[in-house]
Each structure stands twice: as structure tokens, then as C-alpha cells.
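What follows draws every value from the coordinates through simple rules; no lab data is involved. Fair warning: this is a prediction, and the values are worked out from it, not measured in the lab. Every residue, glycine among them, receives a Cβ derived from its backbone with ideal geometry; neighbour counts consider all protein chains shown.
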Amino acid sequence: MNAQLKPFPDIDAEQHATHARLMRFNARRFKPALPNPGWLAGSMFDVTMQKEEHEILEAERASIQPLLHDLPMDADAFMHWFESLRENGPGQGDALFPWLAEHADWEQMRWFLGQEVAGEAGFDDLVALTQVGFPTRPKLEMARNYWDEMGRGHVHGMHGGMLEHTARAFGLKTRIEETVWQSVALANTMTGLAANRCYAYHSVGALGAVELTAPSRVSLVNDGLKRLGVPAEGRQYFQLHAGLDIRHSRAWNAEVIRPLVEGNPELTRPIAEGALMRLQCGQRCFERYRAELGV
């Protein structure tokens, strides 16, 4: 396979342009800045982009509604429903990951990792944005999760830095132009849910879905990296999350999601919607990756 991404099909051009524009907006709006005399014009542009973001998120919400026909309201039943997404949620058990573990060559793995790194929204920042204003018990668990993501105060343990080690091992220089729109859309969806308070509970579900479903996938990616001779430092991100996310998922479900739905059963729906939105975005990525890689 050619290491360079093939030209996007015409049917993807509009989606790619839309999500590339939104990703650039997100990069700018969360970058530390200084007071700007042109703030009013900038605010007008921000409103336009936020309207586009809201329309995208609402379209995603609408698309997963058929998966919610049997959503329970009782806390025990809901937690069983949520945890069952590990096996039967969108994109679970995708053939891409056993193939990466057993068959992908260096250039194929490099292309896959380039898509994943380019679409990484930064779990630490997403948790930090989400936790604002939450009750004490969920907020404390989000704080513990964030502290783990930040390496418990040690730079060498920061999870984002570990992913950078993998990128360096493969010489990755990610560019939006070489990233499939599905990967960019995944990052934009996660960022949009965390950044807007009207989707805060959706973000709780989306982040919980990541912790719930990631371990089996990252374990298989780690197997593939090991088979290709990638040194331990380049595999550390995937090796760590294969085990850590299992513990994170249990704690997130017990200390964030359960207390919220016990306190207000109406929160089951936005939490479930957020989880399904995240998993559906992932499913679209896996399908596109398989198409590009010939799996």
C-alpha cells in the first residue's frame, strides 16, 4: 500500500472540508491567547462556527435514535445496558484490529496510526472541559482520571506524550489534508460534546464509552506493533491503556455515571446518546480504514 493517502472521493469532499474547517476552529478557540481589539469580529465568526458545530452534533444525535428504543431508566438496568456496549455497541469486534495485530506491514500500520493521531482530541482536555460544574462525587472521579492522564504529575507518564513517542517511532507528521474525514469528525464530535454545556452529559457517556471499549482494541494494536519490532517506548501508550482503561472504565461507571442516573433517571438518555455517538463515529472510522487498507 502507498504510504500517502489516496485522493478523497468526490463524495467525501464536502464532509472533509466541513470537518477540517471545524477542527481548525477548535484548535484556535482552545489555544491560550491575549485580549484582541478585533474580538467582536472574531466573536461573529465563532457564532457561525458554533452554529455549524451544533448542527453536526444534532445530526449525529438524530442518527443514533433507532438504537435507543429499549433504553431503560432504572439505574441497575441502565448500567447493564451501558456496559453491554462493550460487546454489542457500534463498531465492536471490528475485523480491522485482529488484522492490524496479525497482518499489517510497517507502512499500513503507519497509515493507520497517522489517522488515529490526527483524530486524537486529547482525553485529558476533554475530561477537564466536561467536569465543570458537576457534583462532587463524579467530579472527584473525573479528577482522578485526569491525574492519571497527566502522568500523576510526571512528564514521562503523561499519556499524550506516550502517543507522541509512537508518532516519532513511525516518523508521523499528521496533516488534516491527509486525514480521512471520519477521523476528523470523531475528534470534532468529542470536542463539541465536551465544550458545550448543553452536551455535558453526552460527553460523560462518550468518554465512558472510550474507557469501556478501548482495551481490546489497543491491546491488538500493541500486538501488531510488537510483531513489527517497535520498541517498548513506541508501544507504551497502547500497552498501558490495554490494562489501565479497564480500571478507568469500572471507576467511571461506578463513580460518574451511576450516581448521575441514580440522582436523575432522565440523564440516562443524554449519557446513552453520547456513548452511541462516540461509538458510531468510531465505527465509521474503522470501516473507512478497512476500505483504504484493503482489509
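Got a sec? How would R290, R217 order by Cβ neighbour count within 10 Å, fewest to most?
R290, R217
Take the Cα of N196, step 7 Å along the line toward its Cβ, and report every residue of the stretch 40-75 whose backbone nitrogen sits under 18 Å from that point.
43-65
Show that you can apply the helix-only estimate: for the chain, add -39,500 (n - 2.57) for every DSSP H stretch of four or more residues, divide by all residues, and state [θ] at 222 nm to the nearest 500.
Taking each H run of at least 4 residues, the total per residue is -23500 deg cm²/dmol.
How big is the dipole moment of the chain about its Cα centre under a simple scheme where the beta carbon of each Lys and Arg is +1, that of each Asp and Glu is -1, and everything else is neutral? Debye, nearest 20, please.
720 debye
What whole number of Å gives the distance from the Cα centroid of the stretch 243-276 to the Cα centroid of the stretch 163-204?
Cα centroid to Cα centroid, the span is 21 Å.
What percent does the relative contact order of the stretch 173-295 come to when contacts are Cα pairs within less than 8 Å and at least six residues apart?
So the answer I get is 41 percent.
Ordered by packing density, taken as the mean number of other Cβ atoms within 10 Å over each peptide's residues, highest first, how do 97-104, 180-187, 27-34, 200-207 rank?
Packing proxy ranking, top to bottom: 200-207, 180-187, 97-104, 27-34.
Please arrange D70, D76, D124 by counting, for each residue, the other beta carbons lying within 10 Å of its beta carbon, fewest first.
Going from sparsest to densest Cβ surroundings: D70, D76, D124.
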